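The values are calculated or read from the model by the stated rules, or taken from the named source; none is laboratory data. In this text the structure is predicted, and so the values were computed from the model without any measurement. Ideal geometry is used to build each Cβ from the backbone, glycine not excepted, and the neighbour counts take in all protein chains shown. Just so you know, the surface numbers come from the protein's heavy atoms only, side chains and all, with ligands and any DNA or RNA stripped out. Shrake-Rupley method; radii C 1.70, N 1.55, O 1.52, S 1.80 Å.
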Amino acid sequence: MIVVTTPTGLIGSKLVEDLLAVGENVRVIARDPGKLTPELRAKVEVVQGSSDDPTLLGRALAGAESIFHVVPPLFSAPDPNEYYLSFTRPLIAAMKQNGVRRIVTLSAIGRRAQVNAGIVSSALLKDVELERAGLDVRALWCPSFMENMLRNVDSLRAQGTFFGPGRADRRAPCVSTRDIAAVAARLLCDRSWSGPGGVAVLGPEDVSLDDMAGIASDVLGRAIRYQQVPAASFKAQLMRYGASENFAQGLLDMHAAKDNVLDLSEPRTPENTTLTSFREWCSTVLKPAMA
């Protein structure tokens, strides 16, 4: 039995499909099971609630072999470090209570960098806590997601523009959530690994935000451009949309670290290079979303 958190999310939903396709038994923790399709609910066990609830985690992990763990983002969290740990500590207790040792957890590139990377640093604290507990851990060290572009669909439609605080010319890896789910499924189905560790998931190529604009222009058949916004304006906008000051600053620090080549700190290898290019993602995901 493999337990999956955030089964309606961009990664979790694809992961559940991948696991079921190879005959694995799956149990999901869902805040709102109504978001699961009836077809999927018939194929999995469902535990309703939040994955930071100690009692629920005890039930969800009973008889399980492993868990896929994602801390769902909460922009209003006043202390990002404590927010990540509030999902990690009860999980560790429930895993030990039920004799579950194996966990694949969504994380970010930066373990080798040893710099303040804002929200990335908060995610890495979670990984350290899991390892200190003596669990068998595989963290998925991911760069920025291609799906982040979907937050800009309205401005892309109206103005042909997407926005952010990062440098336009900085080339770095980016990855599709489909590729992340595929790597997670491979690790969960592979019973041979043990101990602490992480796996980078880098996509097939390094691209800049200007490169992404050019590729999107080709695929969409219209001019697309990237516009960098001042850091203070970016932070103020996040707070207007409900982010706490600490969470907004954490996102700003993350982007600053990425501008200082944080996402290049993990060496690219054939093993951590995945298949979905940004061009393919634009054709299969962005273009339909724009339509």
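Table for the structure above
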item	result
Cα gyration tensor category, rounded, prolate or oblate, for the range 47-141 with a/c compared to 1.5	oblate
From the coordinates shown, mean projected area of the Cα convex hull in nm² corresponds to which of [x] 14.8; [y] 20.3; [z] 13.2	[x]
Carbon and sulfur %, accessible surface of the chain computed with the full protein complex present, 1.4 Å	52
Theoretical gain in end-to-end length, Asn25 to Thr284 [0.36 nm per residue, Cα-Cα removed]	90.3 nm
Contact order normalised by residue count of the chain, Cα under 8 Å, 6+ apart, percent	21
Three-way shape call for the range 1-102 based on the alpha-carbon gyration tensor, with the a/c threshold at 1.5	oblate
Anisotropy class of the range 169-291 from Cα gyration tensor, a/c 1.5 cut	oblate
Estimated vicinal HN-Hα couplings, Hz - the range 19-32 in sequence order (Karplus 6.51, -1.76, 1.60; Gly, Pro = x)	5, 5, 5, 9, x, 6, 7, 10, 10, 10, 9, 10, 5, 10
Cα long-axis angle, helix 231-240 against the chain (0 to 90 degrees, to the nearest 10)	50
Between 0 and 90°, nearest 10: helix 245-259 axis offset from the chain longest Cα axis	70
Cα-projected label distance for Glu82 with Gln48, points at 7 Å along beta-carbon direction, nm	3.1
Fraction of beta bridges assigned by DSSP in the chain that are antiparallel (%, nearest 5)	5
Centroid-to-centroid separation of the range 191-228 and the range 1-55 [C-alpha atoms, Å]	26
Probe 1.4 Å - accessible area at Val285, Å² to nearest ten	50
Projected label distance in nm at Arg225 and Thr273, using a 7 Å step from Cα toward the beta-carbon	3.3
Cys189, Cys174, reordered so the largest accessible area comes first (probe 1.4 Å)	Cys189, Cys174
Per residue, in Å², the accessible surface of the chain once ligands and nucleic acids are set aside, probe 1.4 Å	45
